[in-house]
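Take a look at the structure below.
The values are calculated or read from the model by the stated rules, or taken from the named source; none is laboratory data. Since we're looking at a predicted model, the values are computed, not measured. Here Cβ is always computed from backbone atoms with ideal geometry, including for glycine, and neighbour counts include all displayed protein chains.
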Amino acid sequence: MRPDSPIKLVSELLDLPLLDVEGDYCGVVDDVEFKGGPGKELELKALLVGPGAYRTRLPRWGMWFVTKLAGDRVARVPIDKVRSVSSAVHLECAARDLGLHKSEAAAAKWLPRWGAL
Amino acid sequence: MNPLELTLGIMTAVGGFVDISELVFAAKAGSKFGYALIWVFALSTIGIIVFSEMCGRVAATAKQPVFSLMRHRLGLKLGLATLAASFVANLITCAAELGGVALVINYLTGAPYMLMAVVLTLLIVLSIWVLPFQWIERTYGLLGLFMITFAAALVAIHPPWGHIAGGFVPQVPHGLSKKELLTFGYFVVAIVSAVMFPYEVYFYSSGGIEEGWGPKDVLTNRLTALIGMGLGSTLAISILANSAQMFEPANVDPAIPGSAALQAAIPFGKWGLILALMGMFFAVAGAAVETCLANAYSIAQFFGWVWGRHKKPWEAPRFTITWIAIFAIALAIVLTGIDVMTLVEFAILFSILVLPLTYLPLLLLANDRKYMREYVNGALAKALGWFYFAVITLAALAALPLYLLTSGGNG
Amino acid sequence: MLLTDLRDKKVKTLDGETLGRVHEVHCDNGRVTALMCGPGSFIERLTAQKKGRRIPWVCVRKVSDDEVVVTPDPPQRSSGSRTRKGTRRASGRRSKR
């Protein structure tokens, strides 16, 4: 389904993996951001990706552990970058265009680039 | 269908069925209770076939592995709890496998156990780094087939086939004392846990994605699950039956893993022993690879990292660092000197407690037409799935009390 | 506002009656159309078979840290608008609905 189709945000979007246009995993939908509020329209604005988005979903002690282990960064994926939603959220661009590649790039510096068939 | 496509199932099964826990429990089950526990292996085998087929079908249809969809179903908090619990269970199992592999080389060559643990861990890490996924599964899967020595040994000793066939009928032996009955109950639970270890389905479903399975591979998946797990079960039951024939009459308790290899030495002499030990080496090493990769798959899929050995190690950096770190931690556990059998007992206990949380989301996903379309669970898969979920839930509830009451099955 | 600011929040009417907790948010065309609230049992969440009461977004009055306050009745429709019972055709005859 497309993001403008009827969708149930908790059971059909939240916690789905994200796949960029190159078919690589680049995070999980950790939260959804809206614009608007009560008395006005509430529109989908962005998907939030990263351990920082756990803040509203974990107890304080859990968030302390997460921050120590993984930091508290959050990346925003504007809703217009979402191509379709099925068993994963398929994006219209590459992970690096949205800043979703940074942790993988940082980890890659630790690994040699030889020896694998 | 290319027969080599079955190697995923063979590796999963051989590494899942004849890992160090299975080797020891099958041998002990035979020596303690004769053929009376064969039915538990058979019943559990159907269960793991059902769930393996289901998770392979989910992977092929939804093109997502089990753990990605598990987080979607369970949510963050319960998903994290499941991840943490399965991480601990798989880590302890991985440590037990590394210890088991070092023990086998120690039996074969006399080389020091701790040194072999370090050397073999490094070699296994190197093999995963160098080889792409298909070669990892072919190497460990096919070389693990040396375990067929145990099935050959069973045929060679001319066992009472009627008694073996009788063992497939669900039963509780007559005349057991209360303590022996509790021990029997513990063995039932332990065998269910060991046969249906969660790492098997995580590895199998991720392996299906690594192999690039799609809806056209639904039949391949079914055959792989059936033949692979069927083969693994045959090998485990051979070890039990050998033990019942050779160890029970002599009151031998095969408490150390090496005792199982004697089953092939008795009919075939030195070469039987060598082939059995080689089979044990590759099967247990394969299990070490499976448990470690299963853990790394789970973590990477839960957090949405790039994962898989179909990519070069530096193309999936966080996943690579994770599996290397898991081996390092498992090796550290082995180097504390903790007995391999103690690790096996903890692995069995932790795994059975995690099993219901593992299989319930899988069952619900495979029942969900939105993801599965025309490949959704039919009536038979649904019925069997719920039946086995009830079995593992009962086993999970009974596991800890039985472990404590029987001192881990030692009476 | 975030999805997790709505999810699991207690839903109360202006009169103080508790209707349950938010367990689903319905969206169409990129806009939130309704909240589903009710007991939202664990089993219902796992099976994604959520039942409960549908609260159109237009009925939501306030979202605080602890609760979502709603009016239980949708706003009155303006006259001349369509009703569910049928629409007037150009001929003046009602449709069968």
Taking the conditions exactly as written (under 22 Å from A:LEU16 (Cα atoms) and at pLDDT 90 or above), does B:TYR375 satisfy them or not? yes
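Condition check ((1) surrounded by fewer than 21 Cβ atoms within 10 Å (Cβ to Cβ); (2) touching a Gly at 6+ places or on another chain (Cβ under 9 Å); (3) touching a residue at least 12 places away in the same chain (Cβ under 8 Å)) across all residues:
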site	(1), (2), (3)
B:PRO257	no, yes, yes
B:ALA261	no, yes, yes
B:PRO267	yes, no, yes
B:GLY279	no, yes, yes
B:PHE282	no, yes, yes
B:ALA288	no, yes, yes
B:CYS292	no, no, yes
B:ASN295	no, no, yes
B:ALA300	no, yes, yes
In region A:1-12, residues that are in a loop (DSSP other than H, G, I, E, B) and touching a His at 6+ places or on another chain (Cβ under 9 Å) total 1
Per the filter on region A:33-58, residues in contact (Cβ under 8 Å) with a residue 24 or more places away in the chain and either facing chain C (nearest Cβ under 9 Å) or not β-branched (Val, Ile, Thr) (or both) are A:GLU33, A:LEU44, A:LYS45, A:ALA46, A:LEU47, A:LEU48, A:GLY50, A:TYR54, A:THR56, A:ARG57
What do you reckon, is A:ASP30 at pLDDT 90 or above, out of contact with any Pro (no Cβ under 9 Å at 6 or more places or on another chain) and at the interface with chain B (Cβ under 10 Å from one of its Cβ atoms)? no
Going through region A:59-90 in order, the residues found to be closer than 30 Å to A:ASP4 by Cα, within 12 Å of chain B (Cβ to nearest Cβ) and either out of contact with any Phe, Trp or Tyr (no Cβ under 7 Å at 6 or more places or on another chain) or among the basic types (Lys, Arg) (or both) are A:ALA75, A:VAL77, A:VAL85, A:SER86, A:ALA88, A:VAL89, A:HIS90
Notebook entry, point to check: touching a residue at least 24 places away in the same chain (Cβ under 8 Å), closer than 24 Å to C:THR33 by Cα, buried (at least 24 other Cβ atoms within 10 Å of the Cβ) and more than 8 Å from chain B (Cβ to nearest Cβ): does that describe A:LEU13?
Noted result: no
### Message
I'd like to check something: does region A:66-73 contain any residue that is over 30 Å from C:ARG61 (Cβ atoms), of a type in the set (Asp, Glu) and in contact with a Gly (Cβ under 9 Å, 6 or more places away or on another chain)?
### Response
yes
Restricting region B:292-341 to residues that are part of a loop (DSSP other than H, G, I, E, B) and touching an Asp or Glu at 6+ places or on another chain (Cβ under 6 Å), the one farthest from the other protein chains (Cβ to nearest Cβ) turns out to be B:HIS310
Taking region C:1-30 and keeping only residues that are without any contact (Cβ under 8 Å) to a residue 24 or more places away in the chain and hydroxyl-bearing (Ser, Thr, Tyr), one is left with C:THR4, C:THR18
| On the given criteria, is A:GLY23 within 12 Å of chain B (Cβ to nearest Cβ), at pLDDT below 95, under 22 Å from B:LYS77 (Cα atoms) and within 16 Å of the chain's Cα centre (by Cα)? | no
Taking region B:362-380 and keeping residues part of a helix (DSSP H, G or I) and either among the hydrophobic types (A, V, I, L, M, F, W, C) or buried (at least 22 other Cβ atoms within 10 Å of the Cβ) (or both) leaves B:LEU362, B:LEU363, B:LEU364, B:LEU365, B:ALA366, B:MET372, B:ALA379, B:LEU380
Considering residues that are part of a strand (DSSP E or B) and surrounded by fewer than 23 Cβ atoms within 10 Å (Cβ to Cβ), the number found within region A:20-33 is 1
Of (1) in a helix (DSSP H, G or I); (2) over 23 Å from the mean Cα position of the chain (by Cα), B:ALA111 satisfies every one except (1)
Exception for A:SER103 within (1) more than 24 Å from B:HIS310 (Cα to Cα); (2) modelled with pLDDT under 95 falls at (1)
